[in-house]
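Take a look at the structure set out below.
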Amino acid sequence: MAKFEVNGEYVHGDLPFLGGFTVKEYYALPDAEQERIWNEMYFAEFDDMPEVEIKPDAYISTR
Amino acid sequence: MPTYLLDKNVARRIIQALNDLDNMFLEQELALKIWQRLVKDNHHIFITYSAVNIILHFSYIPAVQCFLKTVEPIKKGRYLKRWASRIRKYNFTREDAIILALGTYGTNARNDMLGVDIIITLDKPFSRNFETHYLTLETRLIAMTKQLKLPYRLATLPDMIHPKDME
């Protein structure tokens, strides 16, 4: 498997990475496409997360 | 101590900066500086759970491991979904409504925090829309919260700032 250098660190370029791309493919994408992948993933699990009860004496900002 | 929530674009720019410190462009530099400053000042920094999962893919970079140690995932507090759906009526995208609702009804791992003080975003349309509708949102929030029990009754809108405003 080919190694791929990112900022002096070596990772396997053919490893699965984000958005169905490999490491090497991901870093070759234009910024807008990388952003699209982040946007899709950033909230992906959001709907599945339950709402939790917050303690009555919770910290509330002073804004 | 103020609490901060990083919008997705800020988190992404920080990771990009940490990934290539020698070739940063302005947004990356701004985002990196803000994160460094918040850490130095010992502030609580939050990101979404999904962001943590994305960023874990980059954890082969030692600096990214450091980043992950400085942030906490934010959880959905009760009434968050209700508030997010109301926010959507004011031209916010789904993602922006979620961030704003997390800033209002998000909580930490111990469930002892309601909302954050400040959302940091690089997204100008989002912050402009927030500014435009601020008073209306505030009125809607008061109307929604006044019948709720504590602590939800005390929920307030977070501030929203661009990293440049913190320099």
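The values are calculated or read from the model by the stated rules, or taken from the named source; none is laboratory data. Keep in mind that what you see is a predicted model, and the values were worked out from it rather than measured. Quick reminder, even Gly has a Cβ in these numbers, built from the backbone with ideal geometry, and neighbours come from all protein chains shown.
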Subject >> Count of segment B:86-97 residues which are within 11 Å of chain A (Cβ to nearest Cβ), touching a residue at least 24 places away in the same chain (Cβ under 8 Å) and touching a helix residue (DSSP H, G or I) at 6+ places or on another chain (Cβ under 6 Å) >> reply: 1
Subject >> Yes/no for B:Asp117 being free of Cβ contacts under 8 Å to residues at least 12 places away in the same chain, surrounded by 14 or more Cβ atoms within 10 Å (Cβ to Cβ), within 10 Å of chain A (Cβ to nearest Cβ) and touching a Phe, Trp or Tyr at 6+ places or on another chain (Cβ under 8 Å) >> reply: no
Subject >> Only listed residue being β-branched (Val, Ile, Thr) and either outside any helix (DSSP H, G or I) or surrounded by fewer than 14 Cβ atoms within 10 Å (Cβ to Cβ) (or both), chosen from B:Thr104, B:Thr132 >> reply: B:Thr132
**OP:** Within segment A:28-48, count every residue that is surrounded by 15 or more Cβ atoms within 10 Å (Cβ to Cβ) and either more than 9 Å from chain B (Cβ to nearest Cβ) or not in a helix (DSSP H, G or I) (or both).
**Re:** 3
Original post:
Which of (1) in contact (Cβ under 8 Å) with a residue 12 or more places away in the chain; (2) crowded, with 16+ Cβ neighbours inside 10 Å; (3) within 12 Å of chain A (Cβ to nearest Cβ) is the odd one out, the single condition B:Ile45 does not satisfy?
Top reply: (3)
Original post:
Which of the residues that make up segment B:36-67 are assigned to a strand (DSSP E or B) and more than 18 Å from the chain's Cα centre (by Cα)?
Top reply: none
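Residues checked against (1) farther than 23 Å from B:Asp22 by Cβ; (2) at pLDDT 90 or above:
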residue	(1), (2)
A:Asp14	yes, no
A:Leu18	no, no
A:Lys24	no, no
A:Ala32	no, yes
A:Glu35	no, yes
A:Asn39	yes, no
A:Phe43	yes, no
A:Asp48	yes, no
A:Asp57	yes, yes
Subject >> Any chance B:Asp20 is touching a residue at least 40 places away in the same chain (Cβ under 8 Å), of a type outside the set (Lys, Arg) and either touching a helix residue (DSSP H, G or I) at 6+ places or on another chain (Cβ under 9 Å) or surrounded by fewer than 18 Cβ atoms within 10 Å (Cβ to Cβ) (or both) >> reply: no
